[in-house]
Amino acid sequence: MPDLLTRVGLRRMVSRDRGEDHRVASPLELLFDLVFVVAVSQASSNLHHLISGDHVGQGVLAYLMVFFAVWWAWMNFTWFASAFDTDDWLYRLLTVVQMGGVLVLAAGVHSAMVDFDFLVVTWGYVIMRLAMVAQWVRAAISDPAKRGSAMRFAIGIAIVQVLWVARLYLIDGTPQFWTFFVLAAAELAVPVWAERQGRTQWHPHHIAERYGLFTLLLLGESLLASANAIFDALGEGEHVGELLWLAVSGIVITAAIWWIYFAREQHGTLTSSRRAFTFGYLHYVIFAAVGAVSAGVEVEIDNLTGAAAVPDAVAGLALTLPIAVFLFFAWLLLLRHHVAPWVSAVTVAAAVLIAASGILPTGEFLVAAVLLAVVVVALEVDAARSRPRRLAL
């Protein structure tokens, strides 16, 4: 069998070494991430327009639903690739199929968020997930040691995809809406069930890097939103001062989010399946919040230029709440066990104050930027104080 595989340009899809040196993201994984940026951009843009058009509840709920599909497909591929990446032509081909599914999903984001019509999004999602079924089946055939867990992944994912499609054509109205959350819960349960059969060999350094890279891509959306504030200020010649301050604040906010996310190394904490599930699943909140920051900046632009149909407080909260959510969950997941108690107190207090600043009549984005900067300073002071102790040890 190995000779046959070699002759057709394939490799056995066996578990990679968890202790492998220099395990970094591959060019294919980076390309894969870029395709997801398209879907995230569509979700963020539609969130911006729905909030500015005074459809706040619909916009937030639809954004969280669409973002789940984007995040879950990305996350499943990331952990699978960390354990089984063979980088041969079949692996690449199936990955490209998943990328095609992402583009189909992105094409349906507007209908999903504006009309709650998830037909195109669902089919794009199913394309991505069925390609993952093929990957798991291949892993089950190639790796006897992981066959049990791989087959559980393949069977579980396949069953849930059938249910997603059935939901579209067999259920109408309100039940179709609520079954989304039932099937989302089923998706979350599949890895828990599969990993009980045997832990897959994901690489801690690789996983931490992949999550960091996706965070950087999401932050790119915030930088674009800040640039739009500058473009609007220079192009219209009105509200120049406010828009420029918003742009400066947006850059500070983006830089601070980056600083806080990467303030402490994370691979050393990925030591167990329980920790891995916590790290992987709670990142949904972090990613969704970071992705929503750019929408918040755009809503603030609309509000400053008079294009928004929402009160000032709603426009302010559209920016400050995602920042506060990011900060609190970054502390909870990434920082809590790595910083001094006083830093934790500063971080949590800053998250609360940032959330509350959204109701200020003006300048809420400046307040958010300053408070994030305070957290960054606190993290750096704590790091400087702990460094001599680590050197002494």
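The values are calculated or read from the model by the stated rules, or taken from the named source; none is laboratory data. All values derive from a computational prediction rather than experimental measurement. With ideal geometry, Cβ positions are generated from the backbone for all residues, glycine too; neighbour counts draw on all protein chains shown.
Is it fair to say Ile155 is at pLDDT below 95, surrounded by fewer than 20 Cβ atoms within 10 Å (Cβ to Cβ) and either of a type in the set (A, V, I, L, M) or assigned to a helix (DSSP H, G or I) (or both)?
Taking the combined requirement at face value, the residue does not satisfy it.
Here are some conditions: (1) at pLDDT 95 or above; (2) in contact with an Asp or Glu (Cβ under 7 Å, 6 or more places away or on another chain); (3) among the hydrophobic types (A, V, I, L, M, F, W, C). Ala369 meets all but one. Which one does it not meet?
Evaluating Ala369 over (1) at pLDDT 95 or above; (2) in contact with an Asp or Glu (Cβ under 7 Å, 6 or more places away or on another chain); (3) among the hydrophobic types (A, V, I, L, M, F, W, C) leaves (2) as the failure.
For Glu187, are the conditions met, namely being buried (at least 20 other Cβ atoms within 10 Å of the Cβ), under 23 Å from Leu47 (Cβ atoms), charged (D, E, K, R) and modelled with pLDDT of 95 or more?
Spelling it out, Glu187 is indeed buried (at least 20 other Cβ atoms within 10 Å of the Cβ), under 23 Å from Leu47 (Cβ atoms), charged (D, E, K, R) and modelled with pLDDT of 95 or more.
Anything in the stretch 168-178 that is farther than 18 Å from Val120 by Cβ and among the hydroxyl-bearing types (Ser, Thr, Tyr)? List them, or say none.
The one that is farther than 18 Å from Val120 by Cβ and among the hydroxyl-bearing types (Ser, Thr, Tyr): Thr174.
Among the residues of the stretch 294-332, what is the count of those that are in a helix (DSSP H, G or I) and over 13 Å from Glu364 (Cβ atoms)?
Total meeting the criteria: 14.
Taking the residues in the stretch 271-288 that are surrounded by fewer than 20 Cβ atoms within 10 Å (Cβ to Cβ) and aliphatic (A, V, I, L, M) as candidates, determine which candidate is nearest to Ser226 (Cα to Cα).
Among those that are surrounded by fewer than 20 Cβ atoms within 10 Å (Cβ to Cβ) and aliphatic (A, V, I, L, M), it is Val285.
Please work out which one of (1) closer than 26 Å to Pro322 by Cβ; (2) free of Cβ contacts under 8 Å to residues at least 60 places away in the same chain is the condition Leu94 fails and give its number.
(1)
When only residues in the stretch 5-44 that are among the hydroxyl-bearing types (Ser, Thr, Tyr) and under 25 Å from Tyr63 (Cα atoms) count, which is surrounded by the fewest Cβ atoms within 10 Å (Cβ to Cβ)?
The qualifying residue surrounded by the fewest Cβ atoms within 10 Å (Cβ to Cβ) is Ser41.
Which of the residues that make up the stretch 357-369 are outside any helix (DSSP H, G or I) and either surrounded by fewer than 19 Cβ atoms within 10 Å (Cβ to Cβ) or among the charged types (D, E, K, R) (or both)?
Ile359, Leu360, Pro361, Thr362, Gly363
With respect to Ala330, is the statement that it is surrounded by fewer than 20 Cβ atoms within 10 Å (Cβ to Cβ) and touching a helix residue (DSSP H, G or I) at 6+ places or on another chain (Cβ under 6 Å) true?
So Ala330 does not fit the description; no.
For every residue, the table says whether it meets (1) assigned by TED's automatic domain parsing to the domain that holds Ile260; (2) surrounded by 20 or more Cβ atoms within 10 Å (Cβ to Cβ); (3) under 30 Å from His239 (Cα atoms).
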| residue | (1), (2), (3) |
| --- | --- |
| Val310 | yes, no, yes |
| Phe326 | yes, yes, yes |
| Pro341 | yes, no, no |
| Ala355 | yes, no, yes |
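Can you tell me which residues in the stretch 163-218 are touching a Gly at 6+ places or on another chain (Cβ under 7 Å) and in a loop (DSSP other than H, G, I, E, B)?
Correct list: Gln197, Gly198.
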